[in-house]
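Visitor: Can you read through this structure? Questions will come right after.
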Amino acid sequence: MDINRYPDANMEALRETIAQREGLHAEQVLLGNGSDEIIQMLLLGNEPGTCVTPAPTFVMYNLISHWVKRSMATVPLGKDFSLDPNTFLQVCAREKAVIAFLACPNNPTGNLWPRDTVEKIIREFRGLVVIDEAYAPFSESTYTDLIAPDVMVLRTFSKLGWAGLRLGYVLGDAKVIADLNKIRMPYNINSLTQASARFFLQHRDVFDQQARDICHERSRMMASLMGMADIEVFPSQANFILLRVKDADSVFEALKEKNILIKNMHAQGGLLSECLRVTIGTADENNSFLSALREVLA
Ligand SMILES: Cc1ncc(COP(=O)(O)O)c(C=O)c1O
């Protein structure tokens, strides 16, 4: 690599490769330093007005809205983490919202809302809907077919095993992407990341297989967890599973004592009370987690 030179600021080749895979044009792709950076660009660059998200969902929508001084409204999910499109649309109308984020599948709940629900929101909301597909590789679902001036799809390399690379992209209407590109830092994707991403895309089948292996492990984990007493296991279309136990803090600490670190969601309260989120790992890691959890719960 000519590391003494500035990177290719427009990343034509990489954007073209991504576009081809998605059946789109390079002008419909914008790259970010992780999808976090793209969420920031969207919240910074969109016209002033409220951002609406379901709750609970990925925390960065809320945090970044706060940082860029954009007002935020949330719509609580049902007890089973379902999303009522009518309530969502009512809140959007009441707040005169201009942007909404829907993580499909959702984080940290792991579920995927029915396509009808998402389509209704896209059809009736009078603003930009960003469908965040960070976990789509584990769900076999995508909304790229609905891309339009008011519908964008966000993707990341992170959940495919390359979180350290920091590379995400958004797919959208060419004019909207061109506008968003005006507030992108010129060299936001460094040369080494660009080269690594090209390598990744040449070996995409390896990473797709890895995602399939994770889905297989997820089914195995799900079956084992459902056989345990005193646990509520929520369905997942992501690379993690959300569980509810009787005392999340003490289960979390006891697992940590056994060198197993998962995510304790209990502090967020509300629907996430007594919830823990475990990421699917290798078969060995998953077995260690399952046997440690069995011991802790006993
Ligand atoms: C729904 C969702 N979107 C985006 C991201 C951020 O991804 P990235 O690593 O590309 O910034 C995450 C990370 O956990 C996520 O859960």
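The values are calculated or read from the model by the stated rules, or taken from the named source; none is laboratory data. Since this is a predicted model, take the numbers as computed values, not measurements. Every residue, glycine among them, receives a Cβ derived from its backbone with ideal geometry; neighbour counts consider all protein chains shown. For the accessible areas, the whole protein counts, side chains as well, though only heavy atoms, and no ligand, DNA or RNA atoms are used. Shrake-Rupley method; radii C 1.70, N 1.55, O 1.52, S 1.80 Å.
Visitor: Only one of these is of a type in the set (K, R) and more than 24 Å from N239 (Cβ to Cβ): R204, R184. Name it.
Guide: Going through R204, R184 in turn, just one is of a type in the set (K, R) and more than 24 Å from N239 (Cβ to Cβ): R184.
Visitor: Okay, next question. Provide a single number: the residues in the stretch 127-141 that are modelled with pLDDT under 95 and either open to solvent by 50 Å² or more (accessible area, probe 1.4 Å) or of a type in the set (F, W, Y) (or both).
Guide: Residues that pass the stated criteria total 1.
Visitor: Across the stretch 30-77, what is the total count of residues that are of a type in the set (D, E, K, R) and more than 16 Å from the ligand (Cβ to nearest atom)?
Guide: Looking only at that region, the number is 3.
Visitor: In addition: Being among the hydroxyl-bearing types (S, T, Y) and within 14 Å of the ligand (Cβ to nearest atom) is the filter here; which residues of the stretch 79-110 pass it?
Guide: Passing the criteria: only T109.
Visitor: Next up: State the number of residues belonging to the stretch 183-234 that are outside the structural domain of L272 (by TED's automatic domain parsing) and of a type in the set (S, T, Y).
Guide: Looking only at that region, the number is 4.
Visitor: For the stretch 152-175, how many residues are away from the ligand (no atom under 12 Å from the Cβ), aliphatic (A, V, I, L, M) and open to solvent by less than 40 Å² (accessible area, probe 1.4 Å)?
Guide: Keep residues of the stretch 152-175 that are away from the ligand (no atom under 12 Å from the Cβ), which gives 152, 171-175.
Add one more test, that the residue is aliphatic (A, V, I, L, M), and what stays is 152, 171, 174.
Next, from what is left, pick out any that are open to solvent by less than 40 Å² (accessible area, probe 1.4 Å): 152, 171.
Final tally of qualifying residues: 2.
Visitor: Looking at C92, is it under 15 Å from T156 (Cα atoms) and buried (at least 18 other Cβ atoms within 10 Å of the Cβ)?
Guide: Judged against the criteria, C92 is not a match.
Visitor: Of all strands (runs of 3 or more DSSP E) completely enclosed by the stretch 17-121, which ones contain at least 3 residues that are assigned by TED's automatic domain parsing to the domain that holds Q194 and touching a residue at least 24 places away in the same chain (Cβ under 8 Å)? Lay out the reasoning, then the answer.
Guide: Values: elements: 29-32, 51-55, 72-76, 99-103.
The qualifying strands (runs of 3 or more DSSP E) are 29-32, 51-55, 99-103.
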